[in-house]
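Below: one structure, written as structure tokens.
The values are calculated or read from the model by the stated rules, or taken from the named source; none is laboratory data. Since we're looking at a predicted model, the values are computed, not measured. Glycine also receives a Cβ, built like all others from the backbone with ideal geometry; neighbour counts cover every protein chain displayed.
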């Protein structure tokens, strides 16, 4: 099971008190493991606001039900071309997601270090997608807190490889059929909507969050080849 870090020095605002549509909740604090976990448990996540550390709670929220990943006919055809693993190349996946050449990049050295610490404690996980030659073709990473998987970023080198990672994540998290599990993708985009991501009001997300957090984590005990 994951190791619980020391409690944070900072107290985050109550998201339930926010006006509808306000998404930047607070700035400051730090990226300590306890602080990051307190954010996820409160319906918040850390992401830069300019040069500052921002704490965000989108309204509406992009959510993918663990059993609700949409696999198109074309995507289903490419799944056998790849091999999938869990937590075998965490640093490589985060580094690829943090590539400064990518548009809208936000994963700085400080964020990479923070997620690595969460990984060492058993909270942060990666899904790796490998091509037929054994090269890393894509993947994703995020933080699992109970039945909440907070997806932080994904990447692909080969076409559809990041989609394959999402499908694998849904298969792993949805295997027990527990409808309380949530894959949080922060904001819904047209691309994510094709995979089954839906927008839910922040109030509905916050209402569902305690039940999700009470679930047993899956990835911390996953067999490394997915």
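If the requirement is being in a strand (DSSP E or B), farther than 22 Å from residue 61 by Cα and touching a strand residue (DSSP E or B) at 6+ places or on another chain (Cβ under 9 Å), which of these qualifies: 134, 142, 138, 151?
Values: 134 fails: in a strand (DSSP E or B); 142 fails: farther than 22 Å from residue 61 by Cα; 151 fails: farther than 22 Å from residue 61 by Cα.
Just a single option satisfies the conditions, and that option is 138.
How many of the residues making up the range 47-61 are closer than 30 Å to residue 160 by Cβ and in contact with a helix residue (DSSP H, G or I) (Cβ under 6 Å, 6 or more places away or on another chain)? Before you say what the answer is, go through the steps one by one.
Initial filter on the range 47-61 (closer than 30 Å to residue 160 by Cβ): 47-48, 56, 58, 60-61.
From the residues that got through so far, the ones that are in contact with a helix residue (DSSP H, G or I) (Cβ under 6 Å, 6 or more places away or on another chain) too are 61.
The qualifying residues number 1.
In the range 180-206, which residues are surrounded by fewer than 15 Cβ atoms within 10 Å (Cβ to Cβ) and in a loop (DSSP other than H, G, I, E, B)?
187, 189, 194, 201
Consider the range 68-121. How many of its residues are touching a residue at least 12 places away in the same chain (Cβ under 8 Å), closer than 16 Å to residue 219 by Cβ and out of contact with any strand residue (DSSP E or B) (no Cβ under 9 Å at 6 or more places or on another chain)?
Looking only at that region, the number is 1.
From the list 169, 209, which one is crowded, with 21+ Cβ neighbours inside 10 Å, in the same structural domain as residue 78 (by TED's automatic domain parsing) and farther than 22 Å from residue 102 by Cβ? It would help to see each step written out before you state the result.
Values: 169 fails: farther than 22 Å from residue 102 by Cβ.
Answer to the check: 209.
So residue 128 passes all but one of these: (1) within 25 Å of residue 58 (Cα to Cα); (2) in a strand (DSSP E or B). Which condition number does it fail?
The failed condition is (1).
At least 1 residues that are under 17 Å from the mean Cα position of the chain (by Cα) in each: list the helices (runs of 4 or more DSSP H) lying fully within the range 17-108 that qualify.
It comes to 33-42, 90-97.
Only one residue in 99, 120, 131 is modelled with pLDDT under 95, surrounded by fewer than 16 Cβ atoms within 10 Å (Cβ to Cβ) and either in the same structural domain as residue 75 (by TED's automatic domain parsing) or over 28 Å from residue 50 (Cβ atoms) (or both), so which one is that? Even if it seems obvious, please write down each step before you answer.
Working: 120 fails: modelled with pLDDT under 95; 131 fails: modelled with pLDDT under 95.
Only one candidate passes the filter, namely 99.
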